[in-house]
Amino acid sequence: MGLTKISEILRKAKDDKYAVGAFNADNLEMVQAFIAAAETMRSPLILQVSLGAINYSGLGSVTNIAIYEAKNASIPVAVHLDHVKTYDQNVHALLAGVGSLCIDAADLPFESNLAVTKRVCELAHTAGLDAEAGIGYVPDSRENLSKEEAAQFKTDIAQAQKLVEKTKVDLLAVSIGSMRGMKDRVIDLDLELLEQINGALNIPLVLHGASGVKWESIQDAIQHGICKVNIASTFDQCFVDAIRLEISQHPEEKNFRKILSPAREEIKNVTSDIFNKLGSSSKY
């Protein structure tokens, strides 16, 4: 199956009430681990080209790694732009061959978010691609917001309806209590709000900042419309921990491949477990 349009992957997920993992294509080892796990578990997969990876290794490099590995996979893999902030970044991603676009302007005033989202959606649809946008701000854990402060950033249903109607966006990230950059899974999502959003909209819904959400809450959210789950910090921590362990056990090792190979294998194991938790295993 290989490289697949994200809307095709998510349409099946929404209908069958499971979620697809969206993981950052930060380096070759992680990409290969994600795809190996997806093939073993027969799960669809979304590889995301993130701004962090773009700044580190370059848009062309990270995109080409993801596309090459996706094309050779035996399960459906979408290569998607992770949340970037500007229209120009989306243009560059389109030219680099990223399979679907994304604009994360949820931190802007609503009308500004609407305006830039409409432009990105028009760009994507003209090129025959899908586009993701967000409504409601998902804060970073480093902002140290109180529970009450974070709650004010949750998705407004009327604004979500207007954004979808005016932009024809294909998938929508919503803010229902998650937080980026979390190390521990301690968050319960606002499932009542999610149920209302899902009832008001008829498009795939996306959860950002899922690394800090309790698995039981994520699984409940999947039953109420979430069908794409972004996870990054979990894999970052896993990869670094595996490298540290390998170096501590083999401090004289000079072949970096022997250091990175166990980390790649650990990412594969963790990814396989996540596919089971998302309900996406054995779907292809």
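The values are calculated or read from the model by the stated rules, or taken from the named source; none is laboratory data. The shown structure was predicted, so the numbers you read here are calculated from the model rather than taken from an experiment. FYI the Cβ positions are ideal-geometry reconstructions off the backbone, even for glycines, and counts take in every protein chain you see. When the accessible area is computed, the model is the full protein with side chains, heavy atoms only, and any ligands, DNA or RNA have been set aside. Shrake-Rupley method; radii C 1.70, N 1.55, O 1.52, S 1.80 Å.
Couple of notes before you dig in:
- Every residue from segment 32-81 that is of a type outside the set (A, V, I, L, M, F, W, C), under 22 Å from Phe275 (Cβ atoms) and within 16 Å of the chain's Cα centre (by Cα): Ser43, Pro44, Gln48, Ser50, Pro76, His80
- In segment 39-50, the residues that are on the phi > 0 side of the Ramachandran plot form Cβ pairs under 7 Å with partners that are surrounded by fewer than 24 Cβ atoms within 10 Å (Cβ to Cβ), at six or more places apart or across chains, as follows: Arg42/Ile75; Arg42/Ser281; Arg42/Ser282; Arg42/Lys283; Arg42/Tyr284.
- Test for Thr234: is it assigned to a loop (DSSP other than H, G, I, E, B) and of a type in the set (S, T, N, Q): no
For (1) charged (D, E, K, R); (2) at pLDDT 95 or above; (3) surrounded by 15 or more Cβ atoms within 10 Å (Cβ to Cβ), each residue gets a yes or a no:
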residue: Thr4; (1), (2), (3): no, yes, yes
residue: Ile9; (1), (2), (3): no, yes, yes
residue: Asp15; (1), (2), (3): yes, yes, no
residue: Phe23; (1), (2), (3): no, yes, yes
residue: Val31; (1), (2), (3): no, yes, yes
residue: Glu39; (1), (2), (3): yes, yes, yes
residue: Leu47; (1), (2), (3): no, yes, yes
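Residues are listed down the side, and each one gets a yes or a no for (1) surrounded by fewer than 15 Cβ atoms within 10 Å (Cβ to Cβ); (2) hydroxyl-bearing (Ser, Thr, Tyr):
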site: Asp82; (1), (2): no, no
site: Gln89; (1), (2): no, no
site: Leu94; (1), (2): no, no
site: Val98; (1), (2): no, no
site: Ser112; (1), (2): yes, yes
site: Val116; (1), (2): no, no
site: Glu122; (1), (2): yes, no
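- Among the residues of segment 2-19, not a single one is more than 29 Å from Lys168 (Cβ to Cβ), of a type outside the set (Ser, Thr, Tyr) and either touching a Cys at 6+ places or on another chain (Cβ under 7 Å) or in a loop (DSSP other than H, G, I, E, B) (or both).
- Yes/no for Ala53 being surrounded by fewer than 24 Cβ atoms within 10 Å (Cβ to Cβ) and outside any helix (DSSP H, G or I): no
- Residue match in segment 150-164 (condition: open to solvent by less than 70 Å² (accessible area, probe 1.4 Å) and closer than 30 Å to Glu29 by Cα): no
- Residue in segment 221-231 that is modelled with pLDDT under 95 and crowded, with 20+ Cβ neighbours inside 10 Å present: yes
- Verdict on Glu29 being acidic (Asp, Glu), in a helix (DSSP H, G or I) and free of Cβ contacts under 8 Å to residues at least 60 places away in the same chain: no
- Checked against (1) open to solvent by less than 70 Å² (accessible area, probe 1.4 Å); (2) assigned to a loop (DSSP other than H, G, I, E, B), Pro251 meets all criteria but (1).
- Among the residues listed as Ile274, Ile243, Ile267, Ile259, the single one being open to solvent by 30 Å² or more (accessible area, probe 1.4 Å) and outside any loop (DSSP other than H, G, I, E, B): Ile243
- Asp107 satisfies every condition listed in (1) surrounded by 15 or more Cβ atoms within 10 Å (Cβ to Cβ); (2) under 25 Å from Leu193 (Cα atoms) except (1).
- Considering segment 156-197, the residues that are among the hydroxyl-bearing types (Ser, Thr, Tyr) and under 18 Å from the mean Cα position of the chain (by Cα) include one that is modelled with the lowest pLDDT, namely Ser178.
- The set of residues in segment 198-230 being closer than 17 Å to Gly134 by Cα, outside any helix (DSSP H, G or I) and of a type in the set (S, T, N, Q) consists of Asn202, Asn230.
- Segment 194-216 - residue that is surrounded by fewer than 22 Cβ atoms within 10 Å (Cβ to Cβ) and touching a strand residue (DSSP E or B) at 6+ places or on another chain (Cβ under 8 Å) and, of those, farthest from Asp236 (Cα to Cα): Leu201
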